[in-house]
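The values are calculated or read from the model by the stated rules, or taken from the named source; none is laboratory data. Treat the numbers as computed from the prediction; the structure is a model and nothing was measured. Here the Cβ positions follow ideal geometry from the backbone for every residue, glycine too, while neighbour counts run over all protein chains shown.
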Amino acid sequence: MRLRLLIAVLCSTSLCGCLSVPWGKPPAPRPTVLSFPPASDGTKHEPKLVGHVAMVNTVGNFVLLECDAYAAPSAGTAVKCIRYGAESAILNVGAERRSAMVVADIVKGTPARGDEVYQ
């Protein structure tokens with residue numbers, strides 16, 4: 001009887017010690033909040049959804065965007081990729097395009113297929 005009680009006490013104290021390990025998992029990083037600079041006249045610039053990422057080529061460091069054919073961003077425009085409400089990448093739109101598909105170079109970040117693209 002005393003042996004069982006001793007084993008139960010040892011097990012419970014060892015479990016309590018494992019729960020308070022100081023070298024646990026570090027806290028998750030906070031996502032970058034989407035913010036666009038204000039317009040030149042001081043009004044707040046509302047981001048405009050222009051499309052989404054259709055394909056990512058990490059070797060060539062570019063993405064293929066699927067945009068509205070009539071509202072595709074012009075060449076040289078900087079756009080942001082948003083994934084789950086946080087900024088995932090910044091892209092520079094290139095001159096190569098075919099109907100609704102537009103090529104953009106990756107400037108910063110890691111875009112993924114399906115990310116929304118805002119101008």
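Against the list (1) within 16 Å of the chain's Cα centre (by Cα); (2) outside any strand (DSSP E or B), the condition ALA72 fails is (1). Could you give every pair whose Cβ atoms fall below 6 Å, whose first residue belongs to segment 37-53 and is part of a loop (DSSP other than H, G, I, E, B) and modelled with pLDDT of 70 or more, and whose second residue is surrounded by 10 or more Cβ atoms within 10 Å (Cβ to Cβ) and among the hydroxyl-bearing types (Ser, Thr, Tyr), counting only separations of at least 6 or pairs across chains? Cβ pairs passing all conditions: PRO47/TYR118. Selection of segment 107-118 for residues being hydrophobic (A, V, I, L, M, F, W, C) and under 13 Å from the mean Cα position of the chain (by Cα) yields ALA112, VAL117. Output the residues belonging to segment 98-117 that are surrounded by fewer than 19 Cβ atoms within 10 Å (Cβ to Cβ) and either more than 12 Å from GLU66 (Cα to Cα) or modelled with pLDDT under 90 (or both). If the condition is that a residue be surrounded by fewer than 19 Cβ atoms within 10 Å (Cβ to Cβ) and either more than 12 Å from GLU66 (Cα to Cα) or modelled with pLDDT under 90 (or both), then ARG98, SER99, ALA100, ASP105, VAL107, LYS108, GLY109, THR110, ALA112 are the ones that fit. Only residues that are closer than 20 Å to PRO47 by Cα and out of contact with any strand residue (DSSP E or B) (no Cβ under 9 Å at 6 or more places or on another chain) were counted across segment 70-111, and they come to 2.
Collect the residues in segment 82-119 that are assigned to a strand (DSSP E or B) and either touching a residue at least 60 places away in the same chain (Cβ under 8 Å) or in contact with a Phe, Trp or Tyr (Cβ under 8 Å, 6 or more places away or on another chain) (or both), keeping them in residue-number order.
Selection gives ILE82, GLY94, VAL103, ALA104, ASP105, ILE106, GLU116, VAL117, TYR118.
In this structure, is LEU49 in contact with a Phe, Trp or Tyr (Cβ under 9 Å, 6 or more places away or on another chain) and over 16 Å from ALA112 (Cα atoms)? Criteria met by LEU49.
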